[in-house]
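**Student:** This is the structure I want to talk about, given as structure tokens.
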Amino acid sequence: MELRTKKQKIDAGKLLFSNHDLKVLLIPLMVEQLLNSLMGTVDSMMVSNVGSAAISAVSLVDSINVLVIQVFTALTAGGAIICSQYLGRKDVKACNKAARQVLLSMLVISIGLMAVCIAFRHPLLRLIFGNVEQDVMDNSQIYFLITALSFPFIGLFDANAAFFRAEGNSRLPMTISALCNLVNIAGNAILIYGAGIGAAGAALSTLFSRILSAVMIIVLLGKSDKIIVSNHWRVDTKILGKILYIGVPNGLENSIFQIGKLLTTSLIAGFGMAATTANAVTGSIASFQQIPANAIGVAMITVIGQCIGAGETEQALYYLKKMMKAAYACMVLLGIPMIIFARPICGIYHLSPETMKITVFLLCYSCVCCMLVHPLSFAQSNALRAAGDVRFTMIVAIASMWLCRVGMAYILGQGLGLGVIGVWIAMTMDWVVRAFLFTNRVRTGKWLKYKDRLVK
């Protein structure tokens with residue numbers, strides 16, 4: 001049997017991933033993405049009963065924490081791509097070397113970022129959030145201090161989880177995430193409601209759950225017979241250079257992207273408590289619609305990476321198209337119900353009437369935009385990265401972020417007086433530009449010209 005794409009024929013018997021393989025990889029990834037979203041969302045929901053200051057503080061600090069986590073994600077993505085390509089070439093020894101370099105780098109970077117964030121938390125929060133209410137700032141200081149202590153554990157979990165995914169095992173990271181989310185919820189209940197310590201309770205519970213997740217996955221990786229990282233802890237400059245070739249552009253892209261989001265968050269904070277809370281709540285809820293596409297984007301690192309490593313560029317394009325169709329199907333299946341039930345969903349957060357009105361509108365708007373362009377803007381870019389085309393994605397992402405999302409946010413939101421709605425329109429413009437340029441890159445085939453740079 002032959003599968004046909006626009007310009008190629010693929011023997012179905014030679015496919016690297018069956019439909020079953022994709023399901024085994026994707027379903028746990030989707031669940032894990034859901035659980036990752038839940039950790040921050042649960043914190044926001046459970047502190048919402050404490051007051052608007054607490055929920056705003058948690059949401060604002062989480063936007064900083066996401067910036068830090070994106071640095072870790074970029075590094076682990078670089079390692080995962082290298083490992084996937086080596087596994088595609090059946091070079092297990094080189095794969096193990098790459099894994100060790102990722103862990104060494106992660107330890108150094110995560111501890112360094114933790115130290116910087118703790119030492120400069122006061123001026124950093126003032127710089128980013130400016131003139132927010134003092135009650136919000138006080139809660140932010142406490143929440144940021146405690147959650148910053150979890151950075152090394154986040155980094156270690158992300159790195160080890162990426163190794164398991166590179167070999168096609170996404171179920172184990174999912175299981176650990178599920179357990180730790182339950183621990184986080186229980187901790188929140190005890191510390192927020194029982195001990196009555198609000199945002200600090202949410203932070204302590206999150207810290208403990210992240211420590212637990214790191215310890216568990218490190219122990220389990222030590223028992224793995226595929227990717228072995230327990231010996232010969234030396235710096236390998238050649239392999240480290242390959243990881244950084246992907247990790248540095250990806251890290252710059254993600255970091256600058258999050259800095260841009262922080263600037264727009266700071267802009268929104270100036271529109272008042274209702275706008276700030278509506279933006280935070282909408283972001284939390286809307287993230288659930290994006291989970292399947294995000295999971296598919298992560299899966300592309302494994303699937304496309306192994307195809308490229310095995311020299312199967314036709315299969316890489318085949319799986320890219322197949323997985324993009326799946327991403328759009330999931331977007332529609334989740335988006336339509338979220339629009340229909342927008343008001344009762346937002347009602348979970350105990351919002352004021354003014355905040356509720358803004359939140360419902362933003363959520364419906366976000367759902368429509370996601371169904372139209374989100375997979376092309378974000379999931380598709382991981383296919384380019386998996387093939388080594390990292391500089392193009394970085395340039396597009398940075399330029400689009402600053403010209404569209406940040407620049408137009410100030411023009412539409414502040415200049416034209418559209419407020420938080422103008423900021424979200426600017427975000428959509430960013431998505432559209434990314435979608436067009438990434439799709440054109442794939443169409444022209446230029447994304448494949450770097451395919452031999454990583455593993456040779």
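The values are calculated or read from the model by the stated rules, or taken from the named source; none is laboratory data. This is a predicted model, so every value here is computed, not measured. FYI the Cβ positions are ideal-geometry reconstructions off the backbone, even for glycines, and counts take in every protein chain you see.
**Student:** Restricting to region 190-213, give me the number of residues that are farther than 20 Å from Val136 by Cα, surrounded by fewer than 23 Cβ atoms within 10 Å (Cβ to Cβ) and touching a Phe, Trp or Tyr at 6+ places or on another chain (Cβ under 9 Å).
**Tutor:** 3
**Student:** In region 368-424, what residues are hydroxyl-bearing (Ser, Thr, Tyr) and either under 20 Å from Ile268 (Cβ atoms) or outside any helix (DSSP H, G or I) (or both)?
**Tutor:** Start the filter on region 368-424 by keeping residues that are hydroxyl-bearing (Ser, Thr, Tyr), which leaves 377, 381, 393, 400, 410.
Passing the criteria: Ser400, Tyr410.
**Student:** Just one of Leu448, Leu384 is within 19 Å of the chain's Cα centre (by Cα) and touching a residue at least 60 places away in the same chain (Cβ under 8 Å); which is it? Give the steps one after another, and end with the answer.
**Tutor:** Details: Leu448 fails: within 19 Å of the chain's Cα centre (by Cα).
Of Leu448, Leu384, the one residue that is within 19 Å of the chain's Cα centre (by Cα) and touching a residue at least 60 places away in the same chain (Cβ under 8 Å) is Leu384.
**Student:** Being part of a helix (DSSP H, G or I) and over 19 Å from Asp158 (Cα atoms) is the filter here; which residues of region 88-98 pass it?
**Tutor:** Gly88, Val92, Lys93, Ala94
**Student:** Can you go through Ile146, Ile217 and tell me which one is of a type in the set (A, V, I, L, M, F, W, C), over 26 Å from Lys90 (Cβ atoms), at pLDDT 85 or above and assigned to a helix (DSSP H, G or I)?
**Tutor:** Being of a type in the set (A, V, I, L, M, F, W, C), over 26 Å from Lys90 (Cβ atoms), at pLDDT 85 or above and assigned to a helix (DSSP H, G or I) holds for just one of Ile146, Ile217, which is Ile146.
**Student:** Hey, among Met300, Met273, which residue is at pLDDT 85 or above and not small (Gly, Ala, Ser)?
**Tutor:** Numbers: Met273 fails: at pLDDT 85 or above.
After applying the criteria, what remains is Met300.
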